[in-house]
1. Relative contact order for the chain: what is it in percent, counting Cα pairs under 8 Å that are at least 6 residues apart?
2. Stretch Thr24-Ile47 to full length: gain in nm at 0.36 nm per residue minus the Cα-Cα span?
3. With unit charges on the beta carbons (Lys and Arg positive, Asp and Glu negative) and the dipole taken about the Cα centre of the chain, which residue among Ala16, Gly66, Thr6 sits farthest to the positive side?
4. What does the accessible area of His58 come to, in Å² to the nearest 10, when a probe of 1.4 Å is used?
5. If each DSSP helix of 4+ residues adds -39,500 (n - 2.57) and the sum is divided by the residues in the chain, what number results at 222 nm, nearest 500 deg cm²/dmol?
6. How much accessible area per residue does the chain have, counting only protein heavy atoms and a probe of 1.4 Å, in square angstrom?
7. Using a Förster distance of 35 angstrom, determine the FRET efficiency expected from the C-beta separation of Asn107 and Val80, and round it to 0.05.
8. Compute a Gaussian network model of the chain, connecting alpha carbons closer than 10 Å, and tell me which residue from Arg68, Arg94, Arg17 fluctuates the most.
Amino acid sequence: MEQIFTVLSLLEGEAARETALKATEDELNQLDYWHHRLEKAAADRDIEQFFEINGKFHELIQEIAGNRWMNGVIADLRKVLKLHRKDLLMSTGRLQNSLIEHRAILNALLKCDATGAESAMRKHLARGLEALK
């Protein structure tokens, strides 16, 4: 799992960086929309919905980044993680921490802060790995 998270962190960090540089106002609004839905799912303690929306948020970042090769590798790695992701969100405080981390990613993206978006995404994935340990 550690090796998967390491590669995922690099790739998704780069996707966040590219998204911060490329995203249109409409695309940023879409990310904001999905984040609001994520907030609602967290408030409702709806783990299934949170899990689904989390995936959509990450996929949209990757789509905006626009590197189909990178996105293919990320998708393959995420298939392996899906077997463990629900356990991740069930660990004490992980749902709330994940939400805070997503907020940091979104804030950097909305500011078109490529370095901040990459850093926030990498921290998010590093904390996900920590939750598995």
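1. For the chain, the relative contact order is 45 percent.
2. 5.3 nm
3. Thr6
4. So the heavy atoms of His58 present about 0 Å² to solvent.
5. Mean residue ellipticity, 222 nm, calculated: -30500 deg cm²/dmol.
6. Averaged over the residues of the chain, the accessible area is 54 Å².
7. 0.75
8. Taking springs between Cα atoms under 10 Å, the residue moving most is Arg68.
The values are calculated or read from the model by the stated rules, or taken from the named source; none is laboratory data. Fair warning: this is a prediction, and the values are worked out from it, not measured in the lab. Cβ atoms come from the backbone with ideal geometry, glycine included; neighbour counts cover every protein chain shown. What goes into the accessible areas is simple: the full protein's heavy atoms, side chains included, and nothing from ligands, DNA or RNA. Shrake-Rupley method; radii C 1.70, N 1.55, O 1.52, S 1.80 Å.
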